[in-house]
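The values are calculated or read from the model by the stated rules, or taken from the named source; none is laboratory data. Given the structure is predicted, the values throughout are model-derived calculations rather than measurements. Ideal geometry is used to build each Cβ from the backbone, glycine not excepted, and the neighbour counts take in all protein chains shown.
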Amino acid sequence: MTSIATITTPARPRKLVGAGRRQWIGLLYVAPAVALVVVFFIIPLCMTAWMSLHNWPLMGVHRFIGLDNYWAILRDTRFWNALRFTGYYTVIVTIAIFAVAFPLALFIERPRPLTGFYRTSFFMPAVIGFASASLLWSWLLNVDAGLFSPAAFELGLTEKKVNLLATFQPAFWSIIAMVVWKVAGFTMIILMTGLQSIPPDLQEAAMIDGAGPFARFRAITLPLMRRTLALALILSVAGSVLAFDQFYIILRGGPRNQTLTAVYWIFNQSFVSFKLGYGAALSMVLLVILVALSLIQLRLLRQPEGVD
Amino acid sequence: MAQAMSRKSRIGTQIAEHATGIVASLLFLAPIVWTVLSAFKPAQEARKPPLPPWPTTGFSVENYATLNTFGDGLWLPMQNSIYVSVMTVVLSVIVGVLAGYGFSRFRFPLKNLLFVVILSTIMIPFQSILTPIFLVLTKIGLHNTLTGLVCVYVTLQLPFSIFMMRNAFDAVPREIEEAARMDGANNVTMLLRVMLPLVWPGIVTIALFAFLGAWNEFLAALVLMTDQSKFTLPIMMTALQSGRFGAIDWGAVQAGVTVMMVPCLVLFLLLQRFYIRGLMAGAVK
């Protein structure tokens with residue numbers, strides 16, 4: 001401290017200047033983080049916008065083409081199909097996750113023997129990665145070496161081994177099952193934090209007033225959990241809109257390219273066809289959708305609890 | 001009489017509840033247990049449907065040996081994965097602690113703006129900026145290197161790391177710092193000797209999330225690591241499962257999935273309360 005104080009101009013009060021200098025050191029502490037975010041996030045973000053205005057092959061020169069990439073997107077029916085499929089998947093999988101996670105959260109929220117074991121078991125699939133889970137299920141779903149088709153056949157449920165991944169419906173619902181298995185525990189924990197924040201005396205008071213469990217759930221639990229529900233909902237929606245791993249690893253976008261998601265289509269355009277400029281324009285569209293979703297989330301979260 | 005009846009029915013409800021709980025737990029655990037057990041079957045048996053899941057013709061590590069014969073073997077991608085995950089943990093902790101301390105304890109120009117900008121990167125999907133990240137890495141000579149991948153992972157973890165660490169430092173009473181400063185501690189000793197022991201639960205939490213994030217990440221590794229010798233486990237296993245190395249050996253897939261899952265499961269079981277803490281912090285705020 002003394003060394004700093006001695007080199008400051010004597011006109012100013014010593015203590016203030018010393019303290020001011022010391023505060024500036026804060027910039028040094030945050031500098032590495034800022035540098036990383038600038039180099040690996042802000043610059044790439046700006047580059048995405050810039051590249052989307054170019055014809056940008058992997059090799060050779062890129063050329064400014066204005067909004068042509070965006071006009072091309074308007075006519076790109078396969079992208080819109082991918083977007084439509086992503087939306088369909090998001091709605092279905094989110095409903096399925098909540099349908100499983102909410103009962104689980106109610107189940108583990110009440111203290112009873114073995115609750116810790118149940119909670120840990122339900123949560124275990126959530127800590128393994130999407131890639132591991134997808135590889136695991138691609139084996140379970142395999143027609144010859146897997147579990148489901150041979151088991152159904154052995155039990156006499158099907159006349160022959162059915163290839164679950166060959167047609168859209170069974171393939172799609174297999175993915176839904178896998179994602180629910182993988183994600184429900186995560187959503188359950190989020191919902192549990194919301195349940196635990198409800199004061200128990202509210203429930204007791206309602207019980208004394210003669211409210212049944214269903215009425216209590218509707219009148220107390222749901223309204224008081226609005227913020228948590230909004231958070232769980234947005235995490236599930238954002239995660240599903242960006243789905244890639246499971247469709248790439250288990251289905252390779254098939255059967256007949258019917259399960260190409262938005263990120264998968266961008267991946268194909270950018271890193272298989274190497275149309276980097278076009279991929280960037282597609283990314284901008286996805287980005288706008290995601291930011292819009294996030295802003296809706298912020299609005300939902302900001303409203304005071306329990307007030308409409 | 002009525003009391004006895006109600007107690008009986010309560011026991012009945014309890015049995016029903018626990019039956020539900022156990023069945024549901026088994027459903028969630030089954031795929032994991034199934035894979036870990038099946039991986040120990042001899043190669044011949046591992047190719048058949050896993051009924052029953054446990055080895056019936058003797059335990060064997062043949063599948064792990066087979067896995068080691070594909071591409072560059074099992075050890076190289078495993079080393080890559082370990083290197084990337086450990087480095088991501090180390091750098092996330094260093095950068096996160098420094099920035100958390102800076103944002104919590106100092107006032108400097110642009111402080112709030114920088115904090116908001118770093119946190120709001122969480123709203124923007126990294127999937128949409130992968131191409132430019134690829135070009136930036138090429139530009140700075142980190143193209144196709146594990147170090148480049150680490151930089152990307154650390155950046156992706158930053159919003160969470162900084163948010164957690166700032167809250168951890170905010171929770172330390174200022175009196176402790178002032179007392180230490182009276183004793184002549186400078187900024188560095190203050191951080192290392194006085195603050196770190198008080199914020200270590202936060203550090204464990206961000207380290208855990210950084211490890212799981214890096215160990216499990218798929219898309220960025222798939223796009224950025226084009227050289228087979230730089231593949232991480234998920235990329236190498238997907239290449240194997242897609243038939244890139246010839247006929248798909250499902251026994252080797254089971255072994256590989258086990259190798260990928262076990263570190264996550266062990267770390268989670270050991271550090272469960274830190275994991276839940278991190279989730280809660282994210283959910284409450």
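Name every residue in the range A:109-137 that is surrounded by fewer than 24 Cβ atoms within 10 Å (Cβ to Cβ), of a type in the set (A, V, I, L, M, F, W, C) and more than 17 Å from the chain's Cα centre (by Cα), in order of residue number.
Result: A:LEU114, A:PHE117, A:MET124.
Considering each of B:PHE106, B:PHE70 in turn, give the residue that is crowded, with 18+ Cβ neighbours inside 10 Å and more than 18 Å from A:ARG22 (Cβ to Cβ).
B:PHE70
Taking the criterion of being farther than 25 Å from B:GLY96 by Cβ, at pLDDT below 90, in the same structural domain as B:VAL84 (by TED's automatic domain parsing) and among the basic types (Lys, Arg), would at least one residue in the range B:233-244 satisfy it?
Yes, the range B:233-244 has at least one match.
Looking for something more than 21 Å from A:LEU290 (Cβ to Cβ) and surrounded by fewer than 16 Cβ atoms within 10 Å (Cβ to Cβ) - is there at least one such residue anywhere in the range A:47-55?
Within the range A:47-55, none of the residues are more than 21 Å from A:LEU290 (Cβ to Cβ) and surrounded by fewer than 16 Cβ atoms within 10 Å (Cβ to Cβ).
Would you mind stating whether B:VAL116 is under 21 Å from A:VAL38 (Cα atoms) and either within 20 Å of the chain's Cα centre (by Cα) or not in a helix (DSSP H, G or I) (or both)?
no
Using the structure shown, decide if B:LEU208 is in contact with a Phe, Trp or Tyr (Cβ under 6 Å, 6 or more places away or on another chain) and under 18 Å from B:LEU279 (Cβ atoms).
yes
Any residue that is loosely packed, with under 15 Cβ neighbours inside 10 Å and touching a Leu at 6+ places or on another chain (Cβ under 9 Å) - is there at least one of those in the range B:174-193?
Yes, because at least one residue in the range B:174-193 is loosely packed, with under 15 Cβ neighbours inside 10 Å and touching a Leu at 6+ places or on another chain (Cβ under 9 Å).
Is it fair to say A:SER134 is at the interface with chain B (Cβ under 9 Å from one of its Cβ atoms), touching a residue at least 40 places away in the same chain (Cβ under 8 Å) and part of a helix (DSSP H, G or I)?
yes
Out of all the residues in the range B:239-256, is one or more part of a helix (DSSP H, G or I), free of Cβ contacts under 8 Å to residues at least 24 places away in the same chain and surrounded by fewer than 22 Cβ atoms within 10 Å (Cβ to Cβ)?
No, because not a single residue in the range B:239-256 is part of a helix (DSSP H, G or I), free of Cβ contacts under 8 Å to residues at least 24 places away in the same chain and surrounded by fewer than 22 Cβ atoms within 10 Å (Cβ to Cβ).
Looking at the range B:163-184, is at least one residue part of a helix (DSSP H, G or I), within 30 Å of A:TRP50 (Cβ to Cβ) and touching a residue at least 40 places away in the same chain (Cβ under 8 Å)?
yes
The rows are residues; the columns are (1) within 14 Å of another protein chain (Cβ to nearest Cβ); (2) of a type in the set (D, E, K, R); (3) in a helix (DSSP H, G or I).
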residue	(1), (2), (3)
A:VAL39	yes, no, yes
A:TYR70	no, no, yes
A:TRP80	no, no, yes
A:THR90	yes, no, yes
A:ALA96	no, no, yes
A:ALA99	yes, no, yes
A:PRO103	yes, no, yes
A:PRO111	yes, no, no
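Which numbered condition trips up A:LEU74, out of (1) without any contact (Cβ under 8 Å) to a residue 40 or more places away in the chain; (2) of a type outside the set (Val, Ile, Thr); (3) within 8 Å of chain B (Cβ to nearest Cβ)?
(3)
Looking at the structure I just gave you, is A:ALA33 surrounded by 14 or more Cβ atoms within 10 Å (Cβ to Cβ), within 30 Å of A:LEU191 (Cα to Cα) and modelled with pLDDT of 95 or more?
no
A:GLN269: touching a residue at least 12 places away in the same chain (Cβ under 8 Å) and touching a strand residue (DSSP E or B) at 6+ places or on another chain (Cβ under 6 Å), yes or no?
yes
Could you tell me whether A:ALA151 is within 14 Å of another protein chain (Cβ to nearest Cβ), surrounded by fewer than 18 Cβ atoms within 10 Å (Cβ to Cβ) and closer than 27 Å to A:ALA126 by Cα?
Yes, satisfied.
List the helices (runs of 4 or more DSSP H) inside the range A:206-308, counting only whole elements, that have at least 2 residues being within 11 Å of chain B (Cβ to nearest Cβ).
A:226-241, A:262-271, A:276-302
Please enumerate the residues belonging to the range A:161-201 that are in contact (Cβ under 8 Å) with a residue 40 or more places away in the chain, touching a Gly at 6+ places or on another chain (Cβ under 9 Å) and not in a helix (DSSP H, G or I).
Hits for the range A:161-201 are A:LEU165, A:ALA166.
Regarding B:VAL33, is this residue surrounded by fewer than 15 Cβ atoms within 10 Å (Cβ to Cβ), hydrophobic (A, V, I, L, M, F, W, C), under 17 Å from B:VAL257 (Cβ atoms) and within 14 Å of chain A (Cβ to nearest Cβ)?
Against the criterion (surrounded by fewer than 15 Cβ atoms within 10 Å (Cβ to Cβ), hydrophobic (A, V, I, L, M, F, W, C), under 17 Å from B:VAL257 (Cβ atoms) and within 14 Å of chain A (Cβ to nearest Cβ)), B:VAL33 qualifies.
Just to be sure before I move on: is A:ILE289 among the β-branched types (Val, Ile, Thr), touching a residue at least 24 places away in the same chain (Cβ under 8 Å) and more than 30 Å from A:LEU67 (Cα to Cα) in the structure I sent?
It is false that A:ILE289 is among the β-branched types (Val, Ile, Thr), touching a residue at least 24 places away in the same chain (Cβ under 8 Å) and more than 30 Å from A:LEU67 (Cα to Cα).
Being aromatic (Phe, Trp, Tyr) and in a helix (DSSP H, G or I) is the filter here; which residues of the range A:41-66 pass it?
Across the range A:41-66, the qualifying residues are A:PHE41, A:TRP50.
Residues are listed down the side, and each one gets a yes or a no for (1) in contact with a Pro (Cβ under 9 Å, 6 or more places away or on another chain); (2) at pLDDT below 85:
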{"site": "B:SER6", "(1), (2)": "no, yes"}
{"site": "B:SER25", "(1), (2)": "no, no"}
{"site": "B:ALA46", "(1), (2)": "yes, yes"}
{"site": "B:THR69", "(1), (2)": "no, no"}
